[in-house]
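To start, the structure itself, in structure tokens.
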Amino acid sequence: MNPSQVNVIGMDLVAAVHKTGPDIATFVVSAIIIIAGAIGVVFSRNPVHAALSLVMTLFGVAVLFIEQQADFLAAVQIIVYAGAIVVLFLFVIMFLGVDRRENIAAEPLHWQRPLALVLMAAALAGVIALGVGSHWATGQQAVAGSTTAGGHSNVYLLGKSVFTTYLYAFEATAALLVIAVVGAVVLARRPSLPSVEPETDARGAAVSGQPGPDGGLHDAAPRGSAAQDASPADVRAGQSLVKEAGR
Amino acid sequence: MSVLGSFAGSSSTLVGGLPSSLAVDPLFSRGVHWQEVVIVIIRVLVAFGVLLGSVVMMIWFERKLISDMQSRIGPNRAGPWGLLQTLADGIKLFFKEDLVPNRSDRFVFKLAPYLTLVPALLIFSVVPVGGVVTVAGHTFELQVADPPMGILVVLAMSSISVYGVMLAGWASGSKYPLIGSVRASAQMISYEAALGLTVIAVVIVSGSLSTRAIVAHQAPAFWDWNVLRLGVVPFLIFVVAITAEMNRPPFDLVEAESELVGGFNTEYSSIRFALFYLAEFMGVITMSGVMVTLFFGGPDGPIPRFIPTSDLWFPSVWFLAKVFVFLFFYVWVRAALPRLRYDQLMDVGWKALIPLSLAWLLDVGAVIVWGWWALVVIAVEIALGGVLWRAFVVGSRRSEVAAIYPPIASRMLTVVPEPTAEEEQE
């Protein structure tokens, strides 16, 4: 089998399959999945259900990527978005305990929904106007050329353009993400404490002789012999105050 | 040839008559007619049936083998050597009452078992279980599907299987399942990074994502298998990571019976519990198949030509034999190793496996691109590894308290003595 035949199988199969019955059926089914998922995200009362609907939408988008011969993007879509990001969403939802039903009829901002409707209508009108009136919609799979040009795999072409043409954008994005992570760590970090390990005094009772994390709520007077007698109760009082502060 | 050329283009070995970079199943080389559709359907049905049958056998095998290792007899009532025990258990579970807890989220509770089972099934679809065969003029590969993204399907599905465990625990509306599911999701996300990095190392030397091409690239003899070609380290990392990903012992903190009752599936009964059980053992089989595919040449092995038609089926025998070794290994590990502590589990994942797999990946790339100059890279990595190790030591010496949210920390460490009688009177 010579290279030209390979090319025929690789490319003409794609061309033949494209815009045929199965192709349109795939598009319609995945579009329904995407839209149903998107509606579910907006209208679910339970945040966990909303997150699951988001997964459904991401799956539909992945199917559309496959249908456009962009296999690698489809796999990355599942691995990164469905497999990592939405899992983290769910993590946060479960940990913060916000996983209860909400009354979505309640409206904190009264002008929010009308404004959203107006903006959505404007955006939709813009997209339709551009689709009808301009020559932007060319029917091409990608502006950078075919996703399987020259008999190369999708990953090869993607890797080549990312590491040559778009290298600076790629590296800048990587740097941005690293900076974001470092920033998140810095913001989430509390100022470290000198030490709140229990110190053992002469009597063996544990006392808390250091400034507390809560602004010195149980930072009592320097502990002399008189203070030692009161120390367990003192600690317990401090403890309850800490609990109050913790709420 | 540029670096990228050697990345994806170098292995232009033909796989079933097509370049590995495209890796289209030769079945579709003449277009798609009803014969091809029938062949695909047969492949799906056979794979499904064989997989379910082997799961049943695997459950029996594990129980029997563990019994042997523990000087017990094990199942011996239903059928010869207790072979039908799993079937009996399945029928019993099927007729049990299907409980849905009152405080559960009913929809998600019912959905979760399928979210664990379906990824385990789908992973098997890309595993090549045999060679390329020609039957009645139709040439096709003995695997359900050979998509161009191949091995990425395995990663994607293993990351999706987090949902089943996580949602099962959450939807139960109960304490221990929730703890189990939170552990599970943290564990699976942590080990996914190491898993992905080792898979990348395999993909770099194979030059393709397609599982068929990865297998074909290890073809000539066993010294071409990736386990030797990559150095043994990526394989070891992969074994540990995949075991943690499947929540098998010694990484089964998800269902730590001594701490969590039954873990994420505590509230499940009847057929839904059976589905979780099925998915776990199916995961063992499919992941063993993935390991054989990635590191041990898949169905590669010497074929005895003197047996007629051995070309067609003998590669599958090799595949089964290799998978069986791993199945035995998993049962053995379960019988031999105690469960890790949760902080040890996280330490192994983040502090050992991820840096090691990243460094090894760089080594593999450097050797391919620079040859002997890769020794420079290795030296730099060793130096950086020393710095990292020092950082871990310094970090572990620091007071643990500072790392925890202060009120919680002081609550944990402030010792509150029991009130004495006279204090009570006050």
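For the reader, a short list of remarks on this structure follows.
- Choice from B:LEU294, B:LEU375, B:LEU155 with maximal GNM fluctuation in chain B (Cα, 10 Å cutoff): B:LEU375
- Paired Rg and Dmax values of chain B, which use every Cα atom, in angstrom: 24.7, 96
- Area of B:GLU267 that stays accessible when all protein chains are in place (1.4 Å probe, Å², to 10): 60 Å²
- The mean number of Cβ atoms from other chains found within 10 Å of a Cβ in peptide B:263-269 is 0, as a whole number.
- Among B:LEU384, B:LEU260, B:LEU356: highest mean-square fluctuation, GNM of chain B, C-alpha pairs under 10 Å: B:LEU384
- Protein heavy-atom accessible surface, 1.4 Å probe, per residue over region B:33-355: 41 Å².
- Each pair of Cα atoms in region B:208-343 enters the Kirkwood radius, and Stokes-Einstein at 4 °C and 1.567 mPa s then converts it into a translational diffusion coefficient of 77 µm²/s.
- Heavy atoms of B:MET69: accessible area, 1.4 Å probe, square angstrom to 10: 70 Å²
- Across peptide B:278-290, the mean count of Cβ atoms from other chains lying within 10 Å of each residue's own Cβ comes to 0.
- Springs between Cα atoms under 10 Å define the GNM used for chain B, and in it the highest mean-square fluctuation of B:ALA168, B:ALA156, B:ALA193 occurs at B:ALA156.
- Cα-Cα P(r), region A:20-103, percent of pairs per 10 Å interval: 19, 42, 27, 10, 1
- Per residue accessible area of region A:20-103, 1.4 Å probe, in Å²: 51 Å²
- When B:LYS64, B:LYS110, B:LYS92 are compared by accessible area of protein heavy atoms, the largest-first order is B:LYS92, B:LYS110, B:LYS64, using a 1.4 Å probe.
- Rolling a 1.4 Å probe across all protein chains gives A:HIS49 an accessible area of roughly 40 Å².
- Mean ellipticity per residue at 222 nm, deg cm²/dmol - from DSSP H runs of n ≥ 4 across chain B, formula -39500 (n - 2.57): -20000 deg cm²/dmol
- Protein accessible area in region A:20-103, 1.4 Å probe - carbon and sulfur %: 77 percent
- Peptide B:102-113 has a mean of 1 when you count, residue by residue, the C-beta atoms of other protein chains within 10 Å of its C-beta.
- Solvent exposure, largest accessible area first (probe 1.4 Å, DNA, RNA and ligands not counted), of B:PHE273, B:PHE61, A:PHE95, B:PHE324: A:PHE95, B:PHE324, B:PHE273, B:PHE61
- Compared with the dominant principal axis of the Cα atoms in chain B, helix B:233-245 is inclined by about 60°.
- Sequence-distant residues sharing a close amide H with B:LEU340 (under 5 Å, placed H): B:ASP252
- Whole-percent carbon and sulfur share, accessible surface of chain B, 1.4 Å: 71 percent
The values are calculated or read from the model by the stated rules, or taken from the named source; none is laboratory data. This structure is a prediction, so every number in the text was calculated from the model and none was measured. With ideal geometry, Cβ positions are generated from the backbone for all residues, glycine too; neighbour counts draw on all protein chains shown. The protein model used for the area step is the full one, side chains on, heavy atoms only, and it has no ligands, DNA or RNA in it. Shrake-Rupley method; radii C 1.70, N 1.55, O 1.52, S 1.80 Å.
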